[in-house]
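Heads up: the structure comes next, in structure tokens.
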Amino acid sequence: MNVLHVSPAFFPAHIYGGPIESGFQLCRYLALSGCNIRVLTTDADGPDHVLDVEKNRETEITGGLRVRYCPRLMRHSVSPTLLRLLPSYIRWADLVHLTAVYSFPTIPTLLFCHLSGKPVVWSPRGALQRWVGSRHVRPKRIWEWMCRAAAPRRLVLHATSEEEAVESVKSFPGMKTVVIPNGVEIPEKARHSRTSGPLRLAFLGRLDPKKGVENLLAACNILKGSASVTFSLIIAGAGDRAYTQTLKERIARLSLSSQVEMVGEVSGEEKEQLFENADIVVVPSYTENFGMVVVEALAHGVPVIASKGTPWRRVEEVACGLWVKNASESLAMAVEQMSRMPLFDMGNRGREWMMREFSWNGRAREMLACYSALLDSN
């Protein structure tokens, strides 16, 4: 099966957060399952940087997985080269897997697939979910109308959680959906450094208002005056420069500089060390379609506090974390509560859960079944 993945950005553009890792791993495991995967993308690595990659020809990542990085000319994903190459890549493919919604490649990909009769699996990656701070709502509705007009007849919306599926069909009523969660790479062994010092909290993710970092800092301000728990917090991730600066200023204003450290984007060994040195990972997002950091933390044996804006209520059922309201008081209470809980045992239960249900091999098989069903449909 020849499958074309079209995405505004691709591995190793980690600044865009979890969708980059999940998109890369899905493609890798699809290739390992026997698919011929080609990725058409840009060299974007945030608004101010581009990837240092080959841009004049395809790069073979692994057997069966080739990536064409196209130069972008403006912020994010505007690329005339991608637009020029898109029709020939679509002609090559049996099926097209489109990632993202409000980006330059979206409407041309839908339109070319419509004209050529190629089926599409479309992964919004949370873009269609709304929260109280959602921006540009009216322009997004106009964009969605254009997407509906351009969309081919054979199209399936791919959601990574039931919550995302419910939200997504509000923008595309009647469109067929399939729920296939992300998988996770599970390290051979969960390594943890032991300490008798402060409770070590970690936040890992893209720095954006919807991630709820301000509420986490407010929770830290509450905990600062607590006699029952001492803590430290590492904030790992990158984002808009102005917004990142507002977080730094808030940390200083709340006199949290001795407890809270911002370390920027981490990947590879640095990311492994972050999990190794964390007692609890906190995910205080207002909304998440999946939340890759949750499965990554649990795969490393680190229990989590996840907000009710994430689809992770099962962390309480499995007894590997807490699922709480994203408010400063409830986050602070959750940290205090977990400081008295058996964190090592909780982390082990979470790791076993990931091994049982979240392997990338299994997810690739589910996606292949989705592809085959769509190709067989009339």
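The values are calculated or read from the model by the stated rules, or taken from the named source; none is laboratory data. Predicted model only: the values in this text are computed from it and were never measured. Positions of Cβ are generated from backbone atoms using ideal geometry, with glycine treated the same way; all protein chains shown enter the neighbour counts.
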Original post:
Which ones in the range 110-137 are charged (D, E, K, R) and under 27 Å from residue 210 (Cβ atoms)?
Top reply: 125, 130, 135
Original post:
Is it true that some residue in the range 71-78 is touching a Pro at 6+ places or on another chain (Cβ under 6 Å) and either free of Cβ contacts under 8 Å to residues at least 12 places away in the same chain or not in a loop (DSSP other than H, G, I, E, B) (or both)?
Top reply: no
**OP:** Search the range 27-54 for residues being touching a residue at least 60 places away in the same chain (Cβ under 8 Å) and in a helix (DSSP H, G or I), and hand back the single one that is nearest to residue 370 (Cα to Cα).
**Re:** 30
Original post:
Residues in the range 81-111 that are farther than 23 Å from residue 25 by Cβ, out of contact with any helix residue (DSSP H, G or I) (no Cβ under 6 Å at 6 or more places or on another chain) and among the β-branched types (Val, Ile, Thr): how many?
Top reply: 1
**OP:** Give the residue, chosen from 53, 96, that is over 17 Å from the mean Cα position of the chain (by Cα), outside the structural domain of residue 209 (by TED's automatic domain parsing), among the hydrophobic types (A, V, I, L, M, F, W, C) and under 21 Å from residue 143 (Cβ atoms).
**Re:** 96
**OP:** Among what's in the range 243-282 and is under 29 Å from residue 21 (Cα atoms) and among the hydroxyl-bearing types (Ser, Thr, Tyr), pick the residue that is surrounded by the fewest Cβ atoms within 10 Å (Cβ to Cβ).
**Re:** 243
**OP:** Taking residue 96 as meeting all but one of (1) β-branched (Val, Ile, Thr); (2) surrounded by 13 or more Cβ atoms within 10 Å (Cβ to Cβ); (3) part of a helix (DSSP H, G or I), write down the number of the exception.
**Re:** (3)
Subject >> Within the range 135-180, tally of residues that are of a type in the set (S, T, N, Q) and touching a residue at least 60 places away in the same chain (Cβ under 8 Å) >> reply: 2
**OP:** Assess whether residue 162 counts as being modelled with pLDDT of 90 or more and either surrounded by fewer than 20 Cβ atoms within 10 Å (Cβ to Cβ) or of a type in the set (A, V, I, L, M, F, W, C) (or both).
**Re:** yes
**OP:** Filter the helices (runs of 4 or more DSSP H) completely within the range 297-373 down to those with at least 2 residues that are buried (at least 17 other Cβ atoms within 10 Å of the Cβ) and over 19 Å from the mean Cα position of the chain (by Cα).
**Re:** 328-338, 343-357
